[in-house]
Amino acid sequence: MTFFRNLALLVASVTPVIAQTWTHCNPTKEDCEPNPALGTDYTWYMNETLNDKIWNTTNGEIVSGDEGAEFTIAAKLQSPTIQSTFYIFFGVVESLVKMAPGKGIVSSVVLQSDDLDEIDWEWVGYNTTEIQTNFYSKGVKDFNNGEFFYVENADTEFHNYTTYWDQDKLEWWVDNKLLRTLTYDEAKNKSTGDSIFPQTPCNVRIGIWPAGDESNSEGTIEWAGGEVNYDEGPYTMTVAQVRVHDFHTGKEYEYGDNSGTWQSINVISGNSTALEEINKPPPKSLSQKWAELPSGAKIGVYAGAAGVGAILLALFIFFVIRQRKKGRLEHALDDSKWNEERTEMNNYQQNWKQSEWKNGGYRVGQQ
Ligand SMILES: *[C@@H]1O[C@H](CO)[C@@H](O)[C@H](O)[C@H]1NC(C)=O
Ligand SMILES: *[C@@H]1O[C@H](CO)[C@@H](O)[C@H](O)[C@H]1NC(C)=O
Ligand SMILES: *[C@@H]1O[C@H](CO)[C@@H](O)[C@H](O)[C@H]1NC(C)=O
Ligand SMILES: *[C@@H]1O[C@H](CO)[C@@H](O)[C@H](O)[C@H]1NC(C)=O
Ligand SMILES: *[C@@H]1O[C@H](CO)[C@@H](O)[C@H](O)[C@H]1NC(C)=O
Ligand SMILES: *[C@@H]1O[C@H](CO)[C@@H](O)[C@H](O)[C@H]1NC(C)=O
């Protein structure tokens with residue numbers, strides 16, 4: 001459960017949930033590779049197959065349905081999740097989401113950095129008219145940051161959940177309405193005065209998980225509204241689209257020291273890998289490839305086809321000669337066996353042409 005350590009909200013009874021935090025390399029503790037940037041503003045329509053170089057499926061399987069990407073729990077402990085390979089260094093994340101209803105089921109859209117700053121949207125399935133907002137700083141399990149809001153029919157209607165995040169403030173919006181603001185200045189550790197404002201480059205994680213699975217801690221199950229009843233599933237969260245706007249343009253984000261402050265982040269310039277992926281043209285159709293071939297290559301293909309014709313003609317003559325040798329040519333047209341063979345020959349030709357077109361033609365087109 002790497003993704004879902006982010007469960008740290010108060011339940012009505014003020015039971016803290018034990019969050020598990022995990023990161024592959026924590027830049028406040030060790031030297032890490034820089035984070036690949038997004039470096040642009042882009043909208044993904046999630047009803048289409050996602051580019052796995054941009055959205056990595058880190059758990060389970062995501063289905064592209066008519067309405068969007070479907071994250072489904074159909075069996076015990078399933079937890080389909082995707083994670084962006086890119087990071088943003090301040091920006092906007094706008095997602096159109098239909099939460100999964102059902103007690104014990106948690107749908108979420110999370111921004112998280114390698115030193116475990118975090119910004120959350122969470123939908124807890126037992127209440128389909130509520131969105132939970134939350135944030136964390138450096139993986140500290142502070143359970144006082146969550147705030148809950150009313151959202152109508154969050155399970156049957158798509159709503160627009162937008163996070164606006166810059167160095168001065170963090171905002172949570174639903175359907176163009178500002179629900180919550182956290183300023184940099186107010187986000188302070190009460191005992192030390194240190195900033196607890198999320199401020200390091202984050203990737204985007206979208207998923208669903210059975211927080212109410214019986215194997216989880218009592219506090220988690222309670223927060224999730226009770227134990228999951230897998231027999232009543234499947235439980236599906238649907239994400240129609242995700243827009244991510246990175247406020248910096250560049251190739252990578254590098255932690256300049258181990259302070260974990262935004263001022264310590266170096267923006268390495270260049271085009272990001274994500275941007276290059278986004279700008280790659282879609283795969284071409286066969287007719288497009290044909291149209292783009294230089295005329296010399298087309299002549300080559302025609303000549304090849306003519307060559308095929310010559311081979312077929314030779315085969316035909318061979319057939320005819322064979323028939324003649326058998327002394328049956330005169331009766332050929334009346335001969336049912338001949339007709340049969342001719343049909344076979346036709347089929348053979350047709351298959352040959354088709355496979356030639358598919359394989360040969362395609363190969364030429366790719367060059
Ligand atoms: C996905 O949704 C977008 C926006 O609603 C639409 O324009 C597009 O045709 C859809 N694509 C598929 C494959 O359904
Ligand atoms: C994608 O996720 C898998 C599973 O968590 C992980 O092993 C892999 O390294 C990830 N790939 C990238 C490019 O992040
Ligand atoms: C669901 O959450 C909303 C918003 O917090 C609240 O007004 C409502 O009473 C809750 N409903 C249930 C059944 O807990
Ligand atoms: C979602 O909400 C944000 C913030 O209000 C707004 O800027 C954006 O245009 C909205 N997007 C859609 C698709 O409605
Ligand atoms: C505040 O700082 C103290 C001392 O470093 C630390 O133990 C505590 O976890 C911090 N609290 C938060 C909310 O960051
Ligand atoms: C970034 O991409 C643009 C457009 O494709 C190109 O003109 C530019 O040279 C690239 N910059 C670098 C540093 O590769």
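Just a few scattered comments:
- Over all other residues within a Cβ to Cβ distance under 13 Å of N258, the charged ones net out to -4, with Lys and Arg as +1 and Asp and Glu as -1.
- Take every pair of alpha-carbon atoms less than 8 Å apart whose residues are at least six positions apart; their mean separation over the length of the range 14-158 yields a relative contact order of 19 percent.
- Whole-number percent relative contact order across the range 94-223, with pairs defined as alpha carbons under 8 Å at least 6 apart: 28
- Spin-label pair E276-S264: with each label point 7 Å from Cα along the Cα-Cβ axis, the two points sit 2.9 nm from one another.
- Stokes-Einstein, applied to the Kirkwood radius of the range 2-279 over Cα pairs at a viscosity of 0.890 mPa s and 25 °C, places its translational diffusion at 131 µm² s⁻¹.
- Contour excess over end-to-end distance, with Cα ends at K177 and Y126 and 0.36 nm allotted per residue: 16.0 nm
- Our estimate of slack between K141 and E48, defined as 0.36 nm per intervening residue step minus the Cα-Cα distance, is 29.8 nm.
- A simple spin-label model places pseudo-atoms 7 Å from Cα toward Cβ; at N160 and Y302 they are separated by 5.4 nm.
- Pairs from K251/K280; K29/K188; K103/K169; K188/K251; K98/K169; K76/K98 whose Cα-Cα separation, in the structure shown, is over 24 Å: K103/K169; K188/K251; K98/K169
- Where D257, D213, D166, D185 fall by accessible area, highest first, once all protein chains stay in place (1.4 Å): D185, D257, D166, D213
- The modelled label-to-label distance for the pair D185/T58, using points 7 Å beyond Cα in the direction of Cβ, is 3.5 nm.
- Cut-off 17 Å, label 7 Å out along Cα→Cβ of C25, residues of the range 229-268 by amide N: 251-260, 265-268
- The range 59-175 - percent of accessible surface contributed by carbon and sulfur, probe 1.4 Å: 47
- For the pair the range 65-130 / the range 22-53, the C-alpha centres are spaced 15 Å from each other.
- The aspartates and glutamates within cross-link reach of K190, meaning a Cα-to-Cα straight distance under 16 Å and a gap of 8 or more places when in the same chain, are D142.
- Positive minus negative residues near N51 (Lys, Arg vs Asp, Glu; Cβ under 10 Å): -1
- 9 Å beta-carbon shell around F158, net charge (K/R +1, D/E -1): -1
- Heavy-atom accessible surface of C32, to the nearest 10 Å², is about 40 Å², with a 1.4 Å probe and all protein chains retained.
- Relative contact order of the range 2-279, defined on C-alpha pairs under 8 angstrom at six or more residues apart (%): 30
- Computed over protein heavy atoms with a 1.4 angstrom probe, the accessible surface ordering of T249, T273, largest first, is T249, T273.
- Given a 1.4 Å probe and the protein chains as shown, D31 ends up with an accessible area of around 150 Å².
- List D175, D155, D117, ordered by accessible area with a 1.4 Å probe, largest first: D175, D155, D117
- Heavy-atom accessible area for F148, with the other protein chains in place and a 1.4 Å probe, reaches approximately 80 Å².
- Separation of alpha-carbon centers, the range 167-194 and the range 195-258, rounded to whole Å: 19
The values are calculated or read from the model by the stated rules, or taken from the named source; none is laboratory data. Nothing here was measured: the structure is a model prediction, and the numbers come from that model. Backbone-built Cβ (ideal geometry, glycine too); neighbour counts: all protein chains shown. SASA here: full protein model, heavy atoms, side chains in, ligands and nucleic acids out. Shrake-Rupley method; radii C 1.70, N 1.55, O 1.52, S 1.80 Å.
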